1. Given region 399-659, what percent of its DSSP beta bridges are antiparallel, to the nearest 5?
2. Taking a point 7 angstrom from the Cα of Phe117 along the C-beta vector, which residues in region 186-210 have backbone N less than 19 Å away?
3. Given Cα positions, please report Rg to Rh for region 133-277, the hydrodynamic radius being the Kirkwood one.
4. Taking the Cα centre of region 399-659 as origin and charging only Cβ (+1 Lys, Arg; -1 Asp, Glu), how large is the dipole, in debye to the nearest 20?
5. Can you work out the FRET efficiency for the pair Lys48 and Asp16, with r the C-beta to C-beta distance and R0 = 25 Å, to the nearest 0.05?
6. Place a +1 charge on the Cβ of each Lys and Arg in the chain and a -1 charge on the Cβ of each Asp and Glu, then give the dipole magnitude about the Cα centre in debye, rounded to the nearest 20.
7. When only Cα pairs under 8 Å and 6 or more residues apart are kept, what is the percent relative contact order across the chain?
8. Relative to the longest principal Cα axis of the chain, at what angle does helix 635-653 sit, 0 to 90 degrees, rounded to 10?
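Any read-out appearing in this document is the output of simple, stated calculations on the displayed coordinates, not a laboratory observation. All of these numbers come straight from a predicted model, not from anything done at the bench. Here the Cβ positions follow ideal geometry from the backbone for every residue, glycine too, while neighbour counts run over all protein chains shown.
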Amino acid sequence: MRAAPLRWGAMTVFEDLDDYLAVPRVSGLAISPDGSRLVATVSTLNEKRNEFLSAIWELDPNGQQPARRLTHGVKGESAPVFTAGGDVLFLAVRPGEDDDKPPAALWRLPAAGGEAFEALTMPGGIAGAVSARAADVTVVAAPLLPSSAGVDDDKTRREARKENKVSAILHTGYPVRHWDHDLGPDQPHLFDVDGTRDLTPGSGAALRESSFDLSADGDFVVTSWRVTGPGTAVRVALVRIDRATGERSTLVEEAGADLERPAIAPDGHAVAFTRETHSTPTSPPRITLWCMRFGENPVELAEGWDRWPASVAWTPDSSALIVTADDGGRGPIFSVDPASGRVTRLTHDDFTYTDVRPAPGGVIFALRSSYAVPPHPVRIDSDGTVTALPCFEVPDLPGTLTEVTATAADGTPIRSWLTLPDGDEPAPLVLWIHGGPLGSWNSWHWRWNPWLLTAQGYAVLMPDPGLSTGYGQDFIARGWGAWGAEPYTDLMAATDAACAHPRIDASRTAAMGGSFGGYMANWIAGHTGRFKAIVTHASLWALDQFGPTTDGAYWWAREMTPEMAQHNSPHRFVGDIATPMLVIHGDKDYRVPIGEALRLWYELLTYSRLPADENGDSPHRFLYYPTENHWVLSPQHAKIWYQVVLAFLGSTCGTSRCSCPNCSGSVGIVTQREFDLVLYGATGFAGKLTAEYLARAGGAARIALAGRSEERLRAIRDGLGAGAQSWPLVTADATSQTSLDAMAARTQVVVTTVGPYARYGMPLVAACAAAGTDYADLTGETTFIRDSIDLHHKQAVDTGARIVHSCGFDSVPSDLTVYALYQRALADGAGELGDTNLVVRSSAGGVSGGTVASMLELLDTLSSDPEARALMNDPYTLSPDRGAEPELGAQPDVRWRRGAEIAPELAGYWTGAFAMAAPNTRIVRRSNALLNYAYGRRFEYAEQMSLGRSVAAPLAAAVVTGANAFTLGVGGRYFNRLPGGLVSKVVPKPGTGPSERARERGHYRVETYTTTTSGARYVTSMAQQGDPGYKSTAVLLGECGLALATDREALSERRGVLTPVAAMGDVLLTRLPAAGVALETTKLG
């Protein structure tokens, strides 16, 4: 029967890594014994987007009702099972007052309704639970310390270890690590939940990595049981344990085989299991399905079936075994008759089925996926109809999925999946090699997902070469003990076949893989130059050192002799590697230890044909994760993984669609850019002043000057003194995106004074956001900043760029004085900030043509764009999330107030509108939002300037306020109606400004007052000697640029379009006073 169609959604998630990570992930099905209830585990991002949290959801087995969430714990829930009575048991970590990081406990959600409650806790946590289908019996797996006399004693010993901060483990056996965690000192046991009785005393390490099942009546358990041999040899037997007495008997034990995945028949008369033969250097393992009726000898089922069973379950009536197995790039469900061994395929589509749960009435529930669709729950009826159950929307794909078949040198067909991006243009090809090596590209993988590359314009080839499962035992044997032979030639044949496809650009190819796939990537690097780039993740490099250091060295010793390992080791061919390589590895990877990557990295830089040069530079890269394991699973680290991979591929065989050309900033990759800081616009008035400041204060920073004219740049440099004469000159033009892109790619930071920013600034913002380059400017143009946020914030977050606007007199004093108030109130425990006001107490300075040009540009925009006027009227127009902002009523930018209304210290003074209040207040409010509303949800902020306390002060305040209101109100509506020639005649030209004498005589002093929620009052004052818009601004902009360039380790972790405080508030609180800026916070009462 054909499968019923899925209900496809309209989500497009693959072009945005944040959207992709936010897609719910379904796993872990459980069906109630009567088949009436079905639950699943669903993982989603937490609020901080830095961890996946799982919850239990209920699904409608009949496919009529939408899924509904059952649990809402802050740390998530997992591993659901049903009791015979229909209650749901699950594991959960629920922090309490005495322990904020408790181990997992067993919880019960009653079928009759009501809240879930804690059913069982164990000192070391609970690892899993199995409930009987027809009795109120549950058995759990939980660890005990080997010297513990019982659960109470175990709790005491664990508390002592914790109190004394003891983590040492004394080993007497092997292994000592598994995948990403240390083994011991505790050891797993099985407990009867009713009496928390240990069913496996004295078991030692026998139950490590075991699987067990409980009979339907709850009378006995069958579990896999590790048996040690000479040296480090291990085999796995099957053991039966009587629940009432604890009596233990070995059912099946065989030298040279592991017996696992026990499944007890519901009638209690038999147990099915898998048998995996131990490999030898000349023969691979073989996995077969067996059944043992209690009291009889075990028998092999389906002896002629050339597939490996992956999961085993019984139908409720014990008449058949339901088995899954890899098969030709799919993972169907099969039924096996335990009497005759006859195998019947139940599903006939292109999917792989997991979490298979047989139910009464011949119905089967499962999760189904392929590389066309992520895992989703389905119901398979007895007539073969497959129905997708309501759950979550399925994301649209950014391309098509097809198959490619190649022919190996020995005539063996080699099949692959191939993703092709939308469109007609030829696409670069990425050969993605699966791990294992005993595996297959046949099901959706959230971590290894080709569509994230396809969305950027790449075609992705996913072949199943020799050693892959699903093609029979002979296919596995083709590459056994000879990884560098058939698997390699099969991959080349598959690549040749894909390159023959009309949509593939064969001149742009790359290879990548993880684990065994990483091994093959390393082997390919030393044996062919056909690929433009190679990505090797968690890879095996030197097989002689890998074998004894992996977590299960006994397994490796079975597969290859020392001579075979040496013959197949990629490290021998490092001298032939002439392809740029990206090495990726996690330090917590115990399967492929970090030593593999460290040696690979060293030898690439030393012995490859692309070694590091005299400056330490090479085209190779090493992405290192100190806290990650074999897969790199945390959301933000997975995101960075794709960012770096896309950046690396984009630099060699990229596509025009790729939005991640460089992401060094987001991950702290050690890349040696040519410059620390480039000052762009150095020949302008503000630019020259900033260059002069950098020449005095830049220290050892590697600085370059940039602008349109090299001749003018040279003239500026010649006047800067001896220390700046070695500064390079970079030619870049605001009208040439190519030149801006090139400039941004060469430096850590771009500081720009080229305005008006609304006219000339956005191409440079785009270049820096794309290149992962930090950026600082002087803009006070609110509409420009809003456009920058809308157009480039997301990409800057992805690439790690800090785009920092308003780094001069607009708006550093405003932003930083409020931040200083917050820090002082926080230190005093004085609560959040309430009514906060900046007052310009004194100011003297001139006006430059550039500043006037920016103001005129803004007025022109406002007068011609009603939407821009609406933005300017919104006090939260720069908010990262407008809907999250509090509604605090009108917050006008134009104010005329008595000083006493602001602070008692200002009694007698009058204040009027401050010309730059509009951009400054919005910057400060954006800072509050970016700081997660650290200032408070009732934080109100305004700016005004003091007009003194003379008799004329009220009139002056009224005039100044009226003039500001007229400029913004009338000018903002009708400015564009004025003749352009008239305006140009009466305003100063860009590039001009106040004289040096006027700049030196200039000054400013601002005071920012606040009253906190506790009633405490503070003021922060900030002052500089020198024209606010020029000499002072040059200091502020220069210090912001140097902070971004030289204090990178101390900067905020935030990325994207930021404010000065959100990017570097703490650093500026230290740097600016050291640069001569007066900055002081005082408690007033």
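1. On the way: 13 of 36 bridges.
Antiparallel bridges make up about 35 percent of those DSSP assigns within region 399-659.
2. In region 186-210, the label zone of Phe117 (backbone N under 19 Å from the point 7 Å along Cα→Cβ) covers 193-196.
3. Working: Rg = 16.2 Å, Rh = 16.4 Å.
Radius of gyration relative to Kirkwood radius: 0.99.
4. Charge dipole, region 399-659, about its Cα centre: 340 debye, nearest 20.
5. Working: r = 18 Å, r/R0 = 0.72.
After rounding, the FRET efficiency stands at 0.90.
6. On the way: 95 positive and 122 negative charges, 710 e Å.
For this selection, approximately 3420 debye.
7. Details: 2561 pairs, mean separation 76.8, N = 1085.
After rounding, I find 7 percent.
8. 80
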